[in-house]
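The block underneath contains the structure these notes are about, expressed in structure tokens.
The values are calculated or read from the model by the stated rules, or taken from the named source; none is laboratory data. Predicted model only: the values in this text are computed from it and were never measured. Cβ atoms come from the backbone with ideal geometry, glycine included; neighbour counts cover every protein chain shown. Note: accessible area is taken over every heavy atom of the protein model, side chains too, but ligands, DNA and RNA are not part of it. Shrake-Rupley method; radii C 1.70, N 1.55, O 1.52, S 1.80 Å.
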Amino acid sequence: MQKVLTGNQSAAWGAMCAKAQVVSAYPITPQTTIIEELADIVAKGLLDAKFIKVESEHSAMAGCIGAQAAGARTFTATSSQGLALMHELLHWAALARLPVVMANVNRAMAPGWSIWTDQNDSLAQRDTGWLQFYCESNQEVLDTTIQAYKIAEAVNLPVMLILDAFFLSHTYEAVDIPGQEATSKYLPPYKPSIYLNVDDPHAFGGIVPQDIYMEFRYKMQLAMDEALIAADKADDDFKAMFGRGYGVVEEYRLDGADYVLVTSGTVTSTTRTVIDDLQEKGHSVGLLKMKMLRPFPAEKVRKILSGRKRVAVLDRNISVGMGGVWSQEIRSVMYHLPEDQRPPIYDYIVGLGGRDVTPEFIEEIALDLEKRPVKDCDQVWIGLKE
Amino acid sequence: MRALPHLKQFTEVAEQEIMHSGHVACPGCGAAIAMRLALKTLGRRTIIVFPACCWAVIDGPFPYSACSVPVFQVAFETASISAGAIRAGLDITGKKDINVVAWAGDGGTFDIGFGQLSACAERNDNIIYVCYDNEAYMNTGIQRSSATPWGSWTTTTPGTDFKKERKKNLLEIMAAHRIPYAATTTVAYPDDLIRKFRKAMSIDGFKLIHIFSPCPPGHKALEKDSILESRYAVESRVFPLYEVEHGTHYKLSMDPPQRPVRDYLALQGRFKHLTDEQRDFIQKSTDEEWARLMHFMKVSEAVE
Ligand SMILES: Cc1ncc(C[n+]2csc(CCOP(=O)(O)OP(=O)(O)O)c2C)c(N)n1
Ligand SMILES: [Mg+2]
């Protein structure tokens, strides 16, 4: 079935297709229409779920944690300040190994108040033990929501899927909704291996002495390694069943390209058209789309970028005092390649607080990349006002 | 100073307009009227703290501000502690003659900021905490809060899922903290509102003023009816005006002839789905709440 949906509705419909059983959520612009849509879906009886209308995001995530521990499939959504308020519970969900799925609408952090997109909210949660997937289209949002459960439940780690404020959250596109029967085949009902069970009682989360804690963390790392495979498999299976796949990274017109632009989120779509134009004009430039931040697809990135002349990372975020987060990640995985295969990696800071990243900006970056001295590759801010 | 002539006991209203025109509130916004009156009373030696809420927007986008007093915007859940801490900073630097006002919506008060509100009241921080109550999260587009009344439509209580839980009783909760002063007021009674701000300014410690604030888009009401809605809320006893001193001494501020709750509900589209029986149920629970309040009044008198 095709429907015209916003990115937010796509996330809600994804949760509906996945038959989320408990929704625990709190409103925040620009996420609100996700939970309004779900409230509507639940009220109309289209989804047999319990919607806990909590009083804060801290409780929203605590609610998912509790319900998931009881053995139910859960969903929530948030953005920006709300995600930040959840921080303690993000760690909690991950260390408790609960496969919660959450949509986060990327929105810049306050103060001053902004409701517009950038990635600082979700990137600041990089180290909480959640898988993170950045989406480019409404279809990808819906499909990734369904895939997220498949991956999360395979490795017992929570998954965050991420969409840009307004460019996706409030923009309509035609979206294909997978049929209920096929979805149920792809994603069978949630069967937790361990949960709060009076017939098989266990105590969760008690104090862990110094000689055991590290092993718990190590097991999470192993689960993340497993997630690299699980994410590919979830996407392959999805493609086999529904004819659409995305990859945890995507190469776009990269064959033989000397220069590479690396993007995430909706900047990717704009960059595709710029790459088309520039290739037409004879520039040797292609695109690498990053979808997955955690686990970081290091091997794939190394393989794609090694031996290129130069790489430009478009960072719609800033870790002030260091630079864009995607560029740090990519530099770090590229570092131990032999020097002759290791291209200089330029960090372009773009589009903070929802500023448009126009084709003109992106073209400027691609041309700048060809000529800027390597010693100046750190933090190039694009489109700054005087 | 100018008196409002139609009132029995004349209330002095300052001429000064500390809140400017050019704010970005919707037409008919009760919270905008409340701020105008409050600032006239509080005067310029006032600092206002806004958590996320409509007023965080109403005040104007950077670099504008509609309030010509210092404004500090804070995280949604932190209005009370932020104000309390500003008070501490002012006190320790010797600036004691300044009103510190936390100005929060019902969501910021009844829900996400509730724990901090309780803590601040328990510490008896010397601030005026204002909750302008439009009975839902209006900034984000009309989602339910725990101040949303039984029966109301919101976007998270749609269709037959209209709100089935009652509104929290904020004044009773705050009274249980035994704070020096708590009061309800609303914009249809400017003299009452002004008098209560004045009183709050004269008291040391934690003061809470709960203002019922009509919201035309959120209540699905006509812009021209905001004052009427505010008045009907009082006359129908849905929102009685009273004060509580030290958490134990209740005092009714006015007792106008009782109006049926239906008149109040009829002004607002958010209740339009309700059946006759459901309207009767609201009437019944309103009467019960009123009886309970009257009991508190009586007990207070007996103690006196
Ligand atoms: C931690 C956090 N969660 C959610 C939000 C989004 N948000 C901003 S204002 C608001 C609703 C405010 O409701 P209320 O306090 O009743 O004030 P009103 O908007 O009705 O004036 C919400 C949910 C936020 N800014 N921060
Ligand atoms: Mg409100």
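Points worth noting:
- Think of a 1.4 Å ball rolled over the protein heavy atoms: segment A:2-242 then has 40 Å² of accessible area per residue.
- Surface exposure of segment B:129-176, expressed per residue as accessible area with a 1.4 Å probe, stands at 29 Å².
- For segment B:205-252, the Kirkwood estimate of hydrodynamic radius, built from reciprocal distances between every pair of different alpha carbons, is 12.4 Å.
- Placing unit charges on the Cβ atoms only, positive for Lys and Arg and negative for Asp and Glu, gives chain B a dipole magnitude near 280 debye about its Cα centre.
- Eligible lysines near A:Lys239 by straight Cα distance, threshold 22 Å, same-chain separation 8 or greater: A:Lys3, A:Lys19, A:Lys150, A:Lys185, A:Lys289, A:Lys291, A:Lys300
- Comparing the full protein assembly with the isolated chain (1.4 Å probe, heavy atoms, ligands and nucleic acids excluded), the residues of segment B:120-163 losing at least 30 square angstrom of accessible area are B:Tyr137, B:Thr140, B:Gln143, B:Arg144, B:Thr155, B:Thr156, B:Pro158, B:Asp161.
- In degrees, nearest ten, helix A:57-69 long axis to first principal axis of chain A (Cα): 60 degrees
- Global size of segment B:5-303 as Cα Rg and Dmax, reported in angstrom: 18.3, 59
- Positive-pole candidate from B:Ser118, B:Gly159, B:Ser145, dipole of segment B:111-169, charges at beta carbon: B:Gly159
- A straight Cα-to-Cα reach below 20 Å connects B:Lys163 with the lysines A:Lys44, A:Lys50, A:Lys53, B:Lys220, B:Lys272, B:Lys284, residues fewer than 8 places away in its own chain not being considered.
- Candidate lysines for bridging to A:Lys375, where Cα separation is under 23 Å - those fewer than 8 sequence places away on the same chain excluded: A:Lys309
- Per residue of chain B, the DSSP helices (runs of n ≥ 4 H) give a summed -39500 (n - 2.57) that works out to -10500 deg cm²/dmol at 222 nm.
- Segment A:250-381: Rg to Rh, with Rh as the Kirkwood radius over Cα pairs: 0.92
- Cα-derived Rg over Rh, computed across segment A:195-239 with Rh taken as Kirkwood radius: 1.18
- When you restrict to C-alpha pairs under 8 Å that are six or more residues apart and normalise by the size of segment B:5-303, the relative contact order lands at 16 percent.
- Estimated inter-spin distance, A:Asp255 and A:Ala240, nm [label 7 Å along Cα→Cβ]: 2.7 nm
- Helix B:30-42 vs. chain B, principal-axis angle (Cα, 0 to 90°, nearest 10): 30 degrees
- Cα-based equivalent ellipsoid of segment B:126-194: semi-axis lengths in Å, sorted from largest, via gyration tensor: 27, 15, 11
- Between the helical axis of B:190-201 and the longest alpha-carbon principal axis of chain B there is an angle of about 40 degrees.
- Relative contact order of segment A:250-381, pairs being alpha-carbon contacts under 8 Å that are 6 or more residues apart, as %: 27 percent
- Solvent exposure of A:Phe204, expressed as accessible area, is near 110 Å², computed with a probe of 1.4 Å over the protein chains only.
- Counting DSSP beta bridges with both ends in the protein assembly as shown, the antiparallel % (nearest 5): 30 percent
- Net charge of the neighbourhood of A:Arg126, taken over other residues with C-beta under 10 Å away and scored Lys/Arg +1, Asp/Glu -1, is -1.
- Diffusion constant of segment A:105-213 at 37 °C, which comes from Stokes-Einstein with the Kirkwood Cα-pair radius and 0.692 mPa s, µm²/s: 193 µm²/s
- Taking Lys and Arg as +1 and Asp and Glu as -1, the other residues whose beta-carbon sits under 13 Å from that of B:Thr160 total +1.
- For segment A:129-188, the alpha-carbon coordinates run over 32, 31, 11 Å along the three principal axes, in decreasing order.
- Carbon and sulfur %, accessible surface of segment A:250-381 computed with the full protein complex present, 1.4 Å: 49 percent
- Using the Cβ-Cβ distance between A:Asp211 and A:Asp127 with R0 set to 25 Å, the FRET efficiency from 1/(1 + (r/R0)^6) comes to roughly 0.60.
- Global size of the protein assembly as shown as Cα Rg and Dmax, reported in angstrom: 28.0, 92
- Carbon/sulfur fraction of accessible area - segment B:5-303, other protein chains in place, 1.4 Å, %: 58 percent
- Accessible area of A:Glu226 in the full protein assembly, 1.4 Å probe (Å², nearest 10): 100 Å²
- Counting Lys and Arg as +1 and Asp and Glu as -1 over every other residue whose Cβ lies under 13 Å from the Cβ of B:Cys120, the net charge comes to 0.
- Two-site label geometry, B:Glu172 and B:Val299: point separation in nm, points 7 Å out along Cα→Cβ: 1.0 nm
- Over segment A:2-242, the reciprocal of the mean inverse Cα-Cα separation, the Kirkwood hydrodynamic radius, stands at 17.8 Å.
- Heavy-atom accessible surface of A:Lys44, to the nearest 10 Å², is about 140 Å², with a 1.4 Å probe and all protein chains retained.
- Chain B packed on chain A takes about 1400 Å² of accessible surface away from a 1.4 Å probe, both sides summed.
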